[in-house]
Amino acid sequence: MSQPQNSATYFIKHTTTSWMMLAILLVGGAISYLGLGRLEDPQFTIKEAMVITYYPGASALQVEEEVTAPLESAIQALPYIKHVDSISKAGFSQVHLVIKPTYKSHELAQIWDELRRKVHDKTPSLPPGANAPIVMDDFGDVYGVLLALSGNDYSYEELNDYADYLKRELSTLNGIAKVTISGIQQEQVFIDISRERMTNLGIPLSRLYQLLQTQNTVQDAGHIRIGDEYIRIHPTGEFRSVQELGDLLVSQAGSDKLIYLRDIADISEGIAEVPSHLTNYNRMPSLRIGIAFNSGVNVVAVGEKLRQKMNVLDANRPLGIELHTLYDQPAEVDASSTGFVLNLLASILIVIIVLLIFMGVRAGMIIGIILLLTILGTFIAMKVMDIQLHRISLGALIIALGMLVDNALVVTEGIMVGIKKGLSRTRAAYDIVQQTQWPLLGATVIAVTAFAPIGLSPDSTGEFVGSLFYVLLISLLFSWITAITLTPFLCHLLFKEEEQPDAESDPYHGFLYDIYRTTLSLILARRGTTMVVMVVAMFIAIYGYSFVKQSFFPPSNTPMFLIDIWLPEGSDIRATQQQALALENYFQQQDDVEFTSSTVGQGEQRFMLTYAPERQYRAYAQVMVRTTERDQIPALIDQAQEWAKKEMPDAFVKFKRLQIGPGSAAKIEARFAGPDQEQLRILAEQAKSIMRADPDTDNIRHDWREREKVIRPVFNEDNARRAGISKQDMDDLLQLSFSGKSIGLYREGTTLKPIIMRPPAYERLDIDGLTDLQIWSPVFSRYIPIGQVVERFDVVFEDPIIARRDRKRTIRVFADPDLNAEITADGLFKRLRPQLEAIPLPPGYELSWGGEYESSSEAKQSLFASLPLGYLLMFIITVLLFNEMRSALVIWACVPLAIIGVSAGMLMLGAEFGFMALLGFLSLSGMIIKNGIVLVDQIRLELSEGRESYDAVFHASVSRLRPVTMAALTTILGMLPLLFDPFFSAMAVVISFGLGFATVLTLGVVPVLYAMSHGIKAPVKH
């Protein structure tokens, strides 16, 4: 009679195939590992864009009504939009839109194209004077390397020239997507012209405007045919140097007096007097160079090439110019991926040591080899599927370790038991694979399905941790394949057949087995009491869970923190810079600070995925501080907060840590929406009062900021018309007299420099000179006092910012928990929410919630949207495996009981239950069901072999003791390295404590429930 065949016998007999498969996994896995892309965090697309429109001279209200509202209306007609929010400021509209998470990154190019068409179609209907809207679809680009370029004795122009040189050279490097320079100061040509001299000479401003605008323009002068040639005509007259501007004749045509521009004006070059964006490094003026990588590249390898190129270029660096690194993603990735790989190796080592101790050297070696081959096979699949090595994918491998061991462990242990019973190695392998291959596959599919909601979650959080699902899917399926193929082959190779087999001997003997038998007899005899104890413990655990701290994502490991500085709205950007420099100076005097840098007027370039740059505000600055060690940050922040309260009383200062996962402007955000600006401010102040009353609340503010002063000249229309003066004439005079007026362009190579006409500093910087201004009257052909056309100058207050969300005026009130308070954002939110929701809202007004509550709710909502389907599929597979509802219900009854171990672990270690802990619980449910399936399958096998019902339950449970406890022990100990990683620690706590208790459930509660549900009575005496 021939030996029956299955995968075990095939691979035992066909040794060449087995060795080849082993070699492919070993060599292919090693090569794939070296070729995998490396990142710190997984790539996910920031599905956001910005539409910016300048409308010079318009108030915030005019911008909102005439520019922002029409653009919002056009944009929101697109079906892809999740929500649109905007800010309207004097002369400036900024519309920010977020795409629905269901659209994938490859679809964005088409969406941005449609967005441009919508905006372009709306442009003709915008008011005269409004510039064409600019669509910024690269708003979400991440600049993995952020450099600061500074030089004490160098001007901005010289720094910019060197920065341009670096940009040109670095852009050619393979793996570099783009290089961007920020902090650039606008180069301008200044014509400082005295109002007094112009008045005395009777030269109208309009004549100077016309001369300078027409003199330096590029225009076509035509062509002429000479014989067979067609020759272009190109007259001279363009300015070839700034000083040539002085040779411009400005006197009246036909006048006897020849007056040149140099006679009445000082001409010079420089940078804009009032900048829009300033950057500093260690208090020195600097430029930022942001370098973005192509997607899918090995960031560490490209970073090494970048460093080599920078070393070559360093030879051309002018003496005194210095290049500093603010953020180096390749170095961070190298450090973090090395850390993760070491964690993975530590976990593998722990697992193998545990196996060697408890399973014996040969069995331990076999399972260790299979584990290694499974992980190497996973690397091959990751390479093919373009999944990079990063925090999530490596974490997934560590989470999977225990489950990867599980399948091979069941098969190895089965072969060991078979050999002890006197079977041949081949027969023992055939029997155990034949018996367990489908239950193991079903259990493996269920363990994978537990993570399916993550892979199917359509939002950014799902995209961020989505690779967790795919790596687990690959690795667990590989573990099943190797368990039924290579594991029998290696067992056949390394195990010896028993010389004197004893079929009657008990392979399950020893101290631990004896204790378990006694305990199992006890709980099977008192099954009612056992279940009552479990149910009571579960309700206590649910109550205890209410004391577990809730959070979303933890802070980053990077030893860096940020400080936002907000001065009162209406502050000059140069005053904001002074505050930023003062804070930088303070930190430079502290020990353990590597460097400080600041950006004034807007946020930094997006240097990491989870950093959200602030929009453009003159009163805003952000200081970045890098420390030598991450642990020094809390003490530094505490001291700096006290210093800022004393030294920066007028500024709002917010300290914040870098986040690992998706973040928001503040942890707590209340949004009031309604039509009236005044009413919205009243509601916001009421909310702020409630927040201030809570001692644990910090960083309280709202996004409409303080009202700012506006000087409003009251124009006398009648007098002005009689003098032939228009409102535009007055606007031009006021702009020229204080800010300076752009009247043309000067071309210098590739650079276009605006020509700015303005009075000398002593005239334009004095507010007292406002009433002494003279304005040209074309009717009287002379200058007349401005008082003849302006009745008075009023000072009024207006809203500097009008924010909207989904086309409704919306004011957002922000708050954070105090960094020193023993309370999470969720705990504080639960305390504040009922008070804020009790604020009476007038008709037409509504309150909604943003911040961490919204981010967390959306992430969990998208997760739970696919969770029922995932769990239903898991349950259906369980039923199909046994073709029986009762057995499936027995296994599933253990899942809610796992909260006993989870709550205990979270409370003992003070861990916070966040998104990653939730994923840990999903993983745990898969493990519990997997263990339950293997045990129930063993019970049914024992019954089919003719054992008495009670004996079948009892013996099956004893036979599963080693595989279940070993799988749990390897998983729990494999989790140890993750307990010290802030990102994975909560997940590690959930899995370790949950699985520890789940082992008790599998070995204790499953036999009890099976006996109860199937009416199996304990014998009178056993």
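Total residues in segment 944-997 satisfying the condition of being basic (Lys, Arg) and assigned to a helix (DSSP H, G or I): the figure is 1.
Residues that are under 24 Å from the mean Cα position of the chain (by Cα) number at least 1 in the following helices (runs of 4 or more DSSP H) confined to segment 851-906: 851-882.
Total residues in segment 347-386 satisfying the condition of being outside any helix (DSSP H, G or I) and either touching a Gly at 6+ places or on another chain (Cβ under 8 Å) or crowded, with 19+ Cβ neighbours inside 10 Å (or both): the figure is 1. A Cβ distance below 8 Å, combined with a sequence gap of six or more or placement on separate chains, defines the contacts here; from segment 785-806, residues that are more than 30 Å from residue 848 (Cα to Cα) reach residues that are among the hydrophobic types (A, V, I, L, M, F, W, C) and loosely packed, with under 12 Cβ neighbours inside 10 Å in the pairs 790/714; 791/714; 792/714; 793/714; 794/714.
In segment 697-737, how many residues are under 20 Å from residue 651 (Cα atoms) and surrounded by 15 or more Cβ atoms within 10 Å (Cβ to Cβ)? Final tally of qualifying residues: 12.
Filtering 968, 1018 for residues that are crowded, with 20+ Cβ neighbours inside 10 Å and not β-branched (Val, Ile, Thr) leaves a single hit, 968.
Scanning segment 413-433 turns up at least one residue that is surrounded by fewer than 24 Cβ atoms within 10 Å (Cβ to Cβ), in contact with a His (Cβ under 7 Å, 6 or more places away or on another chain) and farther than 30 Å from residue 279 by Cα.
Being without any contact (Cβ under 8 Å) to a residue 60 or more places away in the chain and part of a loop (DSSP other than H, G, I, E, B) is the filter here, so list the residues in segment 557-595 that pass it. Correct list: 571, 589, 590, 591, 592. If residue 901 passes every condition in (1) at pLDDT 90 or above; (2) surrounded by fewer than 22 Cβ atoms within 10 Å (Cβ to Cβ); (3) in the same structural domain as residue 543 (by TED's automatic domain parsing) but one, which one does it miss? It is condition (2) that residue 901 fails.
Here's the yes/no breakdown for (1) under 35 Å from the mean Cα position of the chain (by Cα); (2) under 24 Å from residue 138 (Cα atoms):
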| site | (1), (2) |
| --- | --- |
| 4 | no, no |
| 7 | no, no |
| 17 | no, no |
| 20 | no, no |
| 30 | yes, no |
| 35 | yes, no |
| 38 | yes, yes |
| 60 | yes, no |
| 67 | yes, yes |
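Within the bounds of segment 629-637, is there any residue that is acidic (Asp, Glu), modelled with pLDDT of 90 or more and under 25 Å from residue 147 (Cβ atoms)? Checking segment 629-637: not a single residue is acidic (Asp, Glu), modelled with pLDDT of 90 or more and under 25 Å from residue 147 (Cβ atoms). Residues in segment 212-253 that are at pLDDT 80 or above, under 23 Å from residue 733 (Cβ atoms) and assigned to a helix (DSSP H, G or I): 245 only.
Within segment 396-447, being outside any helix (DSSP H, G or I) and modelled with pLDDT of 85 or more holds for 423, 424. No other residue among 701, 681 is in contact (Cβ under 8 Å) with a residue 60 or more places away in the chain, within 35 Å of the chain's Cα centre (by Cα), assigned to a strand (DSSP E or B) and outside the structural domain of residue 787 (by TED's automatic domain parsing) apart from 701.
Set side by side, the residues 325, 279 differ, and just one is farther than 25 Å from residue 187 by Cβ, modelled with pLDDT of 85 or more and hydroxyl-bearing (Ser, Thr, Tyr), which is 325. Consider segment 636-681 and keep the residues that are within 20 Å of residue 801 (Cβ to Cβ) and of a type in the set (Gly, Ala, Ser). The one that is surrounded by the fewest Cβ atoms within 10 Å (Cβ to Cβ) is 665. Exactly one residue out of 184, 203 is within 30 Å of residue 601 (Cα to Cα), outside any strand (DSSP E or B) and in contact (Cβ under 8 Å) with a residue 60 or more places away in the chain: that is 184. Only residues that are surrounded by fewer than 16 Cβ atoms within 10 Å (Cβ to Cβ) and in a helix (DSSP H, G or I): list them for segment 44-68, please. Those that are surrounded by fewer than 16 Cβ atoms within 10 Å (Cβ to Cβ) and in a helix (DSSP H, G or I): 61, 65. One residue is enough: does segment 744-764 have a residue meeting the conditions assigned to a loop (DSSP other than H, G, I, E, B), under 26 Å from residue 64 (Cα atoms) and of a type outside the set (Asp, Glu)? Within segment 744-764 (the criterion being assigned to a loop (DSSP other than H, G, I, E, B), under 26 Å from residue 64 (Cα atoms) and of a type outside the set (Asp, Glu)), the answer is no, since none of the residues qualifies. Exactly one residue out of 537, 541, 525 is in contact (Cβ under 8 Å) with a residue 40 or more places away in the chain and over 26 Å from residue 827 (Cα atoms): that is 525.
Give segment 75-110 a look and list any residue that's in contact with a Ser or Thr (Cβ under 9 Å, 6 or more places away or on another chain), surrounded by 17 or more Cβ atoms within 10 Å (Cβ to Cβ) and assigned to a helix (DSSP H, G or I), or say none. Selection gives 108 alone.
Total residues in segment 98-144 satisfying the condition of being closer than 22 Å to residue 41 by Cα, among the polar types (S, T, N, Q) and touching a helix residue (DSSP H, G or I) at 6+ places or on another chain (Cβ under 9 Å): the figure is 1.
Looking at segment 254-313, the strands (runs of 3 or more DSSP E) lying wholly inside it that each contain 3 or more residues that are hydrophobic (A, V, I, L, M, F, W, C), in contact with a helix residue (DSSP H, G or I) (Cβ under 7 Å, 6 or more places away or on another chain) and within 25 Å of residue 333 (Cβ to Cβ) sit at 284-293. Pairing residues of segment 757-773 that are within 25 Å of residue 744 (Cα to Cα) and modelled with pLDDT of 75 or more with residues that are surrounded by fewer than 18 Cβ atoms within 10 Å (Cβ to Cβ) and of a type outside the set (D, E, K, R), at Cβ distances under 7 Å and at least 6 apart in sequence or on separate chains, gives 759/194; 760/194; 763/194; 763/769. For residue 240, the conditions (1) in contact with a Gly (Cβ under 6 Å, 6 or more places away or on another chain); (2) exposed (fewer than 14 other Cβ atoms within 10 Å of the Cβ) are fulfilled apart from (1). Would it be correct to say that residue 267 is in the same structural domain as residue 207 (by TED's automatic domain parsing), in contact with a Phe, Trp or Tyr (Cβ under 8 Å, 6 or more places away or on another chain), touching a residue at least 40 places away in the same chain (Cβ under 8 Å) and not small (Gly, Ala, Ser)? When the stated conditions are applied, residue 267 passes them. Just so you know, in segment 194-237 the residues that are β-branched (Val, Ile, Thr) and over 51 Å from the mean Cα position of the chain (by Cα) include one that is surrounded by the fewest Cβ atoms within 10 Å (Cβ to Cβ), and it is 236. Evaluate the following for residue 814: is it outside the structural domain of residue 732 (by TED's automatic domain parsing) and not basic (Lys, Arg)? Answer is yes for this residue.
The values are calculated or read from the model by the stated rules, or taken from the named source; none is laboratory data. All figures in this text were calculated on a predicted structure; none of them were measured in a lab. Note: ideal-geometry Cβ built from the backbone for every residue, glycine included; neighbour counts use all protein chains shown.
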